[in-house]
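This is the structure, below, for whatever I ask next.
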Amino acid sequence: MVSMVGLWGAVQVELLEDTRAQVVRLETGQACTVERAVLPPEAREGDVVVDGRLEPGQTEARRRDVARIRTRLTVPVPPNLEL
């Protein structure tokens, strides 16, 4: 568990629960659990938070990157193949 003092730098919110949240530190990729109260009240899963503030620009950039990678990784299904 990370205290409010220990939550600094850039994190991405992965999972929100009633009283806790799982975040990933963007510098290291390390996941940790924090008290939800240390995040901005309007934070949602997938948001980027830097030093306690939402960063909508960074959040949108990460979403675009994920969408671009997913598109690149898609494999077309031949017309006669049933899945």
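Based on the alpha-carbon gyration tensor of the chain and its eigenvalue square roots a ≥ b ≥ c, which shape applies: rounded if a/c is under 1.5, prolate if not and a/b is larger than b/c, or oblate?
Because a/c hits 1.5 or more and a/b exceeds b/c, the chain counts as prolate.
When the helix-only estimate is applied to the chain (DSSP H runs of n ≥ 4, each -39,500 (n - 2.57), divided by the residue count), what is the mean residue ellipticity at 222 nm, nearest 500 deg cm²/dmol?
For the chain, the value works out to -7500 deg cm²/dmol.
Please name whichever of Ala43, Thr71, Gly29 sits farthest to the positive end of the charge dipole of the chain, dipole taken about the Cα centre and charges placed at Cβ: Lys and Arg +1, Asp and Glu -1.
Working it through, the farthest residue towards the positive pole turns out to be Thr71.
If I stretch the segment between Arg36 and Leu73 completely, what's the gain in nm (0.36 nm per residue apart, minus their alpha carbon distance), one decimal?
9.9 nm
Roll a 1.4 Å probe over the protein chains and send me the accessible area per residue for the chain in Å².
For the chain, the solvent-accessible area averages 73 Å² per residue.
Indicate, rounded to the nearest 5 percent, the antiparallel portion of the DSSP beta bridges found entirely in the chain. Please list the in-between numbers first.
Numbers: 15 of 16 bridges.
The antiparallel proportion sits near 95 percent.
Got a number for carbon plus sulfur as a percent of region 25-83's accessible area, 1.4 Å probe?
Of the solvent-accessible surface of region 25-83, carbon and sulfur hold 54 percent.
Next question, about the same structure. Hey, got the dipole for the chain? About the Cα centre, +1 on K and R Cβ, -1 on D and E Cβ, debye to the nearest 20?
For the chain, the charge dipole is close to 300 debye.
The values are calculated or read from the model by the stated rules, or taken from the named source; none is laboratory data. Predicted, not measured: the structure shown is a model, and the values here were computed from it. So basically every Cβ, Gly included, is an ideal-geometry build from the backbone, and we count neighbours across all protein chains shown. Accessible surface areas use protein heavy atoms only, side chains included; no ligands, DNA or RNA. Shrake-Rupley method; radii C 1.70, N 1.55, O 1.52, S 1.80 Å.
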